Amino acid sequence: MAGFISLPISSIKTPFLPTFNKRNPFPFASNGIVSCKANNNTDSSPPNCLDRRYMLLGLATNLVSDPFALAAPIAPDFSRGCSDAIPVAGAGTIIGDPVPCCPPTSIKIRDFELPRVRKIRYRPPAHLVDCNYLYKFELAMERMRALPDDDPRSLFQQARIHCAYCNEAYIQKEPPLDNPDQKLKVHFSCLFFPFHRMYLYFYERILGDLIDDPDFAMPFWNWDSPCGMTMPEMYVDPASPLYDENRNVDHQPPNLVDLNDGIGTNELKERGIVFDDLSRRGQIKTNLSLMYSEMVRRSKKATSFHGKKYRAGCKFEADQGCRPEPGGGAVENGSHIAIHKFVGAKRPPFNEDMGNFYSAGRDPLFYAHHANVDRMWNIWKTLPGKKRRDFSDRDWLDSSFLFYDEKKNLVRAKVWQFLDTETLGYGYQNVDIPWLRSRPSPRRPRPGQVRGRGQVKVAETIDIRNAFPLVLDKVVRIKVPRPKRSMSKVGEDVEEVLVIENIGIDRNASAKFDVCINDEDDETSARPEDSEFVGSFTNVPHGIDHPDSKLNTSLTLPISDLLEDLDVKDDDDIEVRLVPKEGKGLVSIGNIKIDYIRD
Ligand code: C2O
């Protein structure tokens, strides 16, 4: 019986910090101290070299009487079945009948076994593959599409997996006591990276099996680099099995992706939004700065990168993190969503396939997109600074999901098995990472612009004492006090964060707002290439008719680096500016505060 309230599980420090890396294709190689042959591992307990420590702590997953008995990993409760999703468009209009999202059932569930790795297969950037690769990949996709709909390996069923885990097809094992029917969701929490890594792993193994090539590596869409910032050409040929007709046709090459809004340069122009540097180079610069912020500035801790903890077994309503979607990490909330929006259709069916979670897995481009997201997880762990490590929290490590493997076996995969890609037999081809050189800088007056306080005030400054709840229908400024000014008082390893709490929005509304701090320029708000730009909140419609149509989430934005860059780290407060970009008036905010996180 789980009951982490009596002894917070997060306070138990396990020494389980797997560093399996044998070979690191990234520029900042981490030191692979623990060399671990996980190959002969045949059950679902941790790799052999870690067994002893794991056992000593009584943490082995299969112990009959677990001395801690506190575990509350997230898992779907298969015994309680699977239910359909009802897709809706835009602001809650039902556009169809319930959509079955449930993969085929199977009575036998096997525990996933780590593969025997003979050689690492490297996933290539989609824009650099040659015709031999393309031939193989298209053949594999063609075969996957041709499988009967009830075959769990078919694209039809692969898409359903995403729908099932994103659109609440399963009930959460050990649901909170006050909600025994609590559904499971994998977005906007610490489950985001591991779930999608697993999902892609099985997808890739199926493709390889369909062309009898166990070394087949799927491509990644290198949208974080100038040459990869368009939809990869091979996906936009209507005759190709990689094509999907439910996409925004206005965003085909040569249009550059817009990692900021996902709206695209053309449409911004159409809407009359013109930034002074809205050129191709301007868009690339914005994208690169944004990647730097997401990966370096805003991802210094496991929580800020992966997202907030989400665990099962909560006993009280007040328990934190017992419900889905406690808050996503920087990449999930940022570039990841922007790409979904960028690709999703602009005409009916609106947002499909990529721009709506229930349908996203129908588009082959989804998998290339997520391969790049997965690559970000690998890169993150190689960035300088010792603190970029995954959680060692057992609830996270033992969380599990079910997938069909290439032999149609239903397997249960656990997060701890998916922390190191080379242990799984794959890696990413080494390409330049230009955003590492794209650190945002404080705003400078733009040519012909006078700046500074006292300029035209277009934003209203609200007193924090009576600011909330706040409906975000215009630009607002709020002074937020900093409880502990000097970092010497809180310690070096602490990250100062801006927390926007109780963000309320209809699950099916599209909305986005930017967050800036100490942005003195009133006419235009800071952009991702400016240090004053902290981040954004974006909601992608979930595409499901939900009894509780309101999403309630929070946004945590690290600001330590920014305060330093802006030279305001000794100030008593910061001025937060919220800029609605899309869906004005659809978002409400419950509170804004400064907090300090340690992980
Ligand atoms: Cu599960 Cu990019 O979404």
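The values are calculated or read from the model by the stated rules, or taken from the named source; none is laboratory data. Being a predicted model, the structure only gives us computed values, none of them experimental. Using ideal geometry, Cβ is built from the backbone for each residue, glycine included, and neighbour counts are taken over all protein chains shown. Surface accessibility is based on the protein's heavy atoms, side chains included, excluding ligands, DNA and RNA. Shrake-Rupley method; radii C 1.70, N 1.55, O 1.52, S 1.80 Å.
Structure summary
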{"item": "Members of the range 186-215 found to be more than 21 Å from MET376 (Cβ to Cβ) and either without any contact (Cβ under 8 Å) to a residue 40 or more places away in the chain or surrounded by 21 or more Cβ atoms within 10 Å (Cβ to Cβ) (or both), listed by number", "result": "ARG205, ILE206, LEU207, ASP212, PRO214"}
{"item": "Selection count, the range 362-389, where residues are away from the ligand (no atom under 16 Å from the Cβ) and either touching a Pro at 6+ places or on another chain (Cβ under 8 Å) or within 17 Å of TYR235 (Cα to Cα) (or both)", "result": "1"}
{"item": "Filter result for the condition that a residue is outside any loop (DSSP other than H, G, I, E, B) and in the same structural domain as ILE263 (by TED's automatic domain parsing), over ALA159, ALA239, ALA217", "result": "ALA159"}
{"item": "Selection from the range 170-203 of residues that are within 16 Å of the ligand (Cβ to nearest atom) and charged (D, E, K, R)", "result": "LYS183, LYS185, ARG197"}
{"item": "Residue that is nearest to the ligand (Cβ to nearest atom) [pool: residues in the range 338-361 that are surrounded by 24 or more Cβ atoms within 10 Å (Cβ to Cβ) and among the aliphatic types (A, V, I, L, M)]", "result": "ALA360"}
{"item": "Top-ranked residue of the range 216-251 - restricted to ones that are of a type in the set (A, V, I, L, M), touching a residue at least 12 places away in the same chain (Cβ under 8 Å) and farther than 30 Å from LYS119 by Cβ, ranked as most open to solvent (accessible area, probe 1.4 Å)", "result": "VAL249"}
